[in-house]
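Have a look at the structure below before the remarks.
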Amino acid sequence: MDYRVKLMPRIHVLDATGQLVPDAHVIEIAFPGASIQTPRGRIERITGQGSARITVDDILSEGVPLC
C-alpha cells in the first residue's frame, strides 16, 4: 500500500486516498544533507526531499514520502 507522511499541523500517516491510517507510527524523518564550509565553520544544509520510516500494524516501511 502507498503511504505518505503529513507534517503539518501534526504528523500523520495518510494512505493513497488521503485518509488517516490507524495504528500507524512515524519512527524517523530524515532529510538528505550536505555539509559546506563557511567563514563561520562547517554547516549542514538540506539538499532534497525528506522521507520517513513508519510502521503500520507492525510492518516497517522505509522511504515514505513527505507531503
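Data table
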item	result
Every residue from region 37-67 that is free of Cβ contacts under 8 Å to residues at least 24 places away in the same chain and basic (Lys, Arg)	Arg40, Arg42, Arg45
Members of region 6-27 that are surrounded by 10 or more Cβ atoms within 10 Å (Cβ to Cβ) and hydrophobic (A, V, I, L, M, F, W, C)	Leu7, Ile11, Val13, Leu14, Leu20, Val21, Ala24, Val26, Ile27
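Results for (1) of a type in the set (A, V, I, L, M, F, W, C); (2) assigned to a strand (DSSP E or B); (3) modelled with pLDDT of 90 or more; (4) surrounded by 10 or more Cβ atoms within 10 Å (Cβ to Cβ), shown as yes or no for each residue.
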residue	(1), (2), (3), (4)
Met1	yes, no, no, no
Arg4	no, yes, yes, yes
Ile29	yes, yes, yes, yes
Ala34	yes, yes, yes, yes
Gln37	no, yes, yes, no
Arg42	no, yes, yes, no
Thr55	no, yes, yes, yes
Ser61	no, yes, yes, yes
Val64	yes, yes, yes, yes
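The values are calculated or read from the model by the stated rules, or taken from the named source; none is laboratory data. Computed from a prediction, not measured in an experiment: that's the story for all the values here. FYI the Cβ positions are ideal-geometry reconstructions off the backbone, even for glycines, and counts take in every protein chain you see.
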